[in-house]
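Visitor: Quick one: this structure, given as structure tokens, is what I'll be asking you about.
The values are calculated or read from the model by the stated rules, or taken from the named source; none is laboratory data. Bear in mind the structure is a predicted one, so any value in this text is a computation, not a measurement. Here the Cβ positions follow ideal geometry from the backbone for every residue, glycine too, while neighbour counts run over all protein chains shown. For accessibility, only protein heavy atoms count, side chains too; no ligands or nucleic acids. Shrake-Rupley method; radii C 1.70, N 1.55, O 1.52, S 1.80 Å.
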Amino acid sequence: MTDETLWQSLRDGEVKALEMIYKREVDHLYSYAVRFTRDEDMVMDAIQDTFEELWNKRKNVSHQVTIRPYLMTAVRRRVLYILKSRKKILEVSDFEVDFAEIDNREKQWIKSEETKETHHKLHQSMEFLSARQKEALYLKFFQNLSYEEICSIMDINYQSVRNLISQALKKIKEEWK
């Protein structure tokens, strides 16, 4: 089913549409949100709350919105809100998100493409990036999202996303040398 069809079914009150969206997106949402905190239970609660809110506000969702970026934005906001309310962070820019941590898919790619030394060098290069740069790279290269979708998720303008990614890649290249 297309996103537009799913949105329409959801607006019509079809629980099956919500289930389909959940099954299709929950793993992506989890792997993204868990990078903000190690509290896996909190992450799952945030995802569940997001889907509950989606159901409650289903009639207001535009059918022109792409599902994954919409949900990633909602989950990101909910996780950050929970973290702020727990007073674990003061500002969004003050916390360090571990986007350099590599998941299984990335490990497989690195093992097949690079040696351990190269992996270590890449990891060291990533340490010089800001949390926002790491997040932008993750969304672009590991979630395969467009710049527009990243803008929506990170709540920044198009040029800022381009700059973050460009500067991050430039830093990585400099450190690589």
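Visitor: For PHE99, are the conditions met, namely being aromatic (Phe, Trp, Tyr), modelled with pLDDT of 65 or more and either open to solvent by 60 Å² or more (accessible area, probe 1.4 Å) or part of a loop (DSSP other than H, G, I, E, B) (or both)? Working first, answer last.
Guide: Details: aromatic (Phe, Trp, Tyr): yes; modelled with pLDDT of 65 or more: no; either open to solvent by 60 Å² or more (accessible area, probe 1.4 Å) or part of a loop (DSSP other than H, G, I, E, B) (or both): yes.
No: the conditions fail for PHE99.
Visitor: Residues being more than 21 Å from the chain's Cα centre (by Cα), among the basic types (Lys, Arg) and open to solvent by less than 60 Å² (accessible area, probe 1.4 Å): count how many of those fall in segment 3-61.
Guide: Residues that pass the stated criteria total 2.
Visitor: Consider ASN144 against the criteria (1) polar (S, T, N, Q); (2) assigned to a helix (DSSP H, G or I); (3) modelled with pLDDT of 85 or more: it satisfies all of them except one. Which criterion is unmet?
Guide: (2)
Visitor: Is it true that LYS140 is under 21 Å from VAL79 (Cα atoms), surrounded by 16 or more Cβ atoms within 10 Å (Cβ to Cβ), free of Cβ contacts under 8 Å to residues at least 60 places away in the same chain and not aliphatic (A, V, I, L, M)?
Guide: yes
Visitor: Same structure, new question: Which residues, counting only those in segment 32-54, are in contact (Cβ under 8 Å) with a residue 40 or more places away in the chain and more than 10 Å from ALA74 (Cβ to Cβ)? Reasoning before the result, please.
Guide: To start, the set of residues in segment 32-54 that are in contact (Cβ under 8 Å) with a residue 40 or more places away in the chain comprises 32-33, 35-37, 42, 54.
Correct list: TYR32, ALA33, ARG35, PHE36, THR37, MET42.
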